[in-house]
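So the structure is just underneath, and the comments pick up after that.
The values are calculated or read from the model by the stated rules, or taken from the named source; none is laboratory data. Just so we're clear, the structure is a prediction, and the values are computed from it rather than from any experiment. Cβ atoms come from the backbone with ideal geometry, glycine included; neighbour counts cover every protein chain shown. Heavy atoms of the whole protein, side chains included, go into the accessibility calculation; ligands, DNA and RNA do not. Shrake-Rupley method; radii C 1.70, N 1.55, O 1.52, S 1.80 Å.
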Amino acid sequence: MKIEKIQNFAGTLAASAASLIKVALMSKGVSPQSSAGEGRSVVVMGNGPSLRKTIDEDGEWLCSHDLMAVNFAANTPDFFKLRPRFYVMADGHFFSGNATDPNVARLWGELGKVSWKMSLWVPSKCRHLAKALVIGNSNIELKTFNLTPVEGAGWLKRVLLDSGLGMPRPRNVMIPAIMVAMREGYKKIYLCGADHTWTQTLSVDDENFVVSVQPHFYKDNDDEHKRVRAAYAGLHLHDVLGSMSIAFRSYWELADYARKRGVEIVNATPGSMIDAFPRRSVCGREPLR
């Protein structure tokens, strides 16, 4: 037992030191915390397939809250109907150059058409690229966060998360999106379209190629299918499962952090595989308040 305590202490100390080094090397200026969400609630809309049903059947409830969209959501007609107050992108692919992916080029073109006030949150390291891509649209306010993963002692993680210098390991865009919602001052956060049913569509073909189909509430085109397949080329099954495990563990870290900040996170996604947050049904089945 004594040896185990020593090992745990040493592991925590090493993780804390590593986090401080990563923050020093990777973290940059971050947008300050806001009171925009004071007294209001926000729905973070993941792009999982269940969001289609939520939009179609519970659109009135959805639009009674502030909305946050992510990733390729702007490439859908629903984006211009829902007019989200916030938009979050975290993957470096969105900032790697429009010529490499026509869907990314289209995304920035659609964001350029935004005709309502919207905060666009991007990684700090991508700020200048994002600014150049949305230049000329005064409706978009550019804000930044740090994707630096932090681990280690609880008090240290709290300090780094509060300051915006880091976050739980961001293996999925919903993780920085939830952090952004908290930085915008929201005390109640609903998650919709956060299916995360990745294991149900995971397989290995006869050539030992890992196949991971991640359906969205919209239909992916051939370019996106090709990009995803290329991204999984060379990955082994344990790599993919390990990445999924990290994402689900990060949600538990977010749940703990939110609780300490007095923030309530509610998973309103039917069939979601995220087990870290309390669940509620959307209106029409069990009203959400």
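Points 7 angstrom from Cα along the Cβ direction at N103 and V204: gap in nanometres?
Placing both labels 7 Å along Cα→Cβ, they lie 2.6 nm apart.
Using only protein heavy atoms and a 1.4 Å probe, report how much of L13 is accessible, in Å² to the nearest 10.
Accessible area, nearest 10 Å²: 100 Å².
Let me check something: with ligands and nucleic acids excluded, how do K5, K143 order by accessible area (1.4 Å probe), largest to smallest? It would help to have the intermediate numbers written out before the result.
Numbers: K5 135, K143 25 Å².
Largest accessible area first, the residues go K5, K143.
Restricting things to alpha carbons, find the Rg to Rh ratio for segment 111-181 using the Kirkwood radius for Rh.
Over the Cα atoms of segment 111-181, Rg/Rh equals 1.06.
Calculate what fraction, in whole %, of the accessible area of the chain sits on carbon and sulfur atoms when a 1.4 Å probe is rolled over the protein chains. Walk me through the numbers on the way to the answer.
Values: 7930 of 14210 Å².
Answer for the chain: carbon and sulfur cover 56 percent of the accessible area.
Apply the Karplus parameterisation 6.51 cos²θ - 1.76 cosθ + 1.60, with θ equal to phi minus 60°, to every residue of segment 114-119 and state each ³J(HN,Hα) to the nearest whole Hz, in sequence, with x for glycine and proline.
Residue by residue, segment 114-119 yields 4, 10, 10, 5, 9, 8 Hz.
Using a 1.4 angstrom probe, figure out how much accessible area segment 31-109 has per residue, in square angstrom, rounded to the nearest whole.
40
Answer with one residue from A15, G262, I140: the one whose Cα lies farthest towards the positive end of the charge dipole of the chain, charges on Cβ with Lys, Arg +1 and Asp, Glu -1.
Of A15, G262, I140, it is G262.
Rounded to a whole number, what is D in µm²/s for segment 181-244 from Stokes-Einstein with the Kirkwood radius over alpha-carbon pairs (25 °C, 0.890 mPa s)?
Numbers: Rh = 14.1 Å.
After rounding, the answer is 174 µm²/s.
Dipole of the chain, Cα-centred, from +1 at each Lys and Arg C-beta and -1 at each Asp and Glu C-beta, to the nearest 20 debye?
For this selection, approximately 1120 debye.
Under 15 Å from the 7 Å Cα→Cβ point of R227, by amide nitrogen: which residues of segment 39-81?
Within reach of a label on R227: 47, 70-76.
In a shell of Cβ-Cβ distance under 15 Å around A247, excluding A247 itself, what net charge do Lys and Arg (+1) and Asp and Glu (-1) give? Don't jump to the answer; show the numbers that get you there.
Numbers: positive: R169, R171, R249; negative: D91, E151, D195, D239, E253, D275.
My count for the surroundings of A247 gives -3.
Contour minus end-to-end for D275 and K81, with contour as 0.36 nm per residue of separation and end-to-end as the Cα-Cα distance?
Numbers: separation 194, 0.36 × 194 = 69.84 nm, distance 3.06 nm.
Length gained, D275 through K81: 66.8 nm.
Check each of the GluC sites (Glu not before Pro) in segment 30-127 and keep only those in coil by DSSP with at most 14 other C-beta atoms within 10 angstrom; list them in order.
Numbers: sites: E38, E57, E60, E110; in loops: E38.
Answer by residue number: E38.
Using only C-alpha positions, report the orientation-averaged shadow area of the convex hull of segment 169-289, nm², one decimal. Walk me through the numbers on the way to the answer.
Values: hull surface 35.4 nm².
Result: a mean projected hull area of 8.8 nm².
Run the numbers on segment 112-226 and let me know its relative contact order in percent, using alpha-carbon pairs under 8 Å that are six or more apart.
In percent, rounded to a whole number, it is 16.
For I175, what charge total do you get from the other residues with a beta carbon under 10 Å from its beta carbon, if Lys and Arg give +1 and Asp and Glu give -1?
After counting each charged neighbour, the total is +1.
Please give the FRET efficiency for E264 paired with S34, using the beta carbon to beta carbon distance and R0 = 22 Å, rounded to the nearest 0.05.
0.75
Set the Förster radius R0 to 41 Å, insert the Cβ-Cβ distance between N137 and E57 as r into 1/(1 + (r/R0)^6), and round the FRET efficiency to 0.05.
Rounded to the nearest 0.05, the efficiency is 0.80.
Could you give the DSSP H helices of the chain that reach 15 angstrom or more along their long axis (alpha carbon positions) and whose average Kyte-Doolittle hydropathy is no lower than 0.0?
2-26
Give the accessible surface of segment 172-253 per residue, rounded to a whole number of Å², with probe radius 1.4 Å and ligands, DNA and RNA excluded.
On the way: 3970 Å² over 82 residues.
Spelled out: the 1.4 Å probe surface of segment 172-253, per residue, equals 48 Å².
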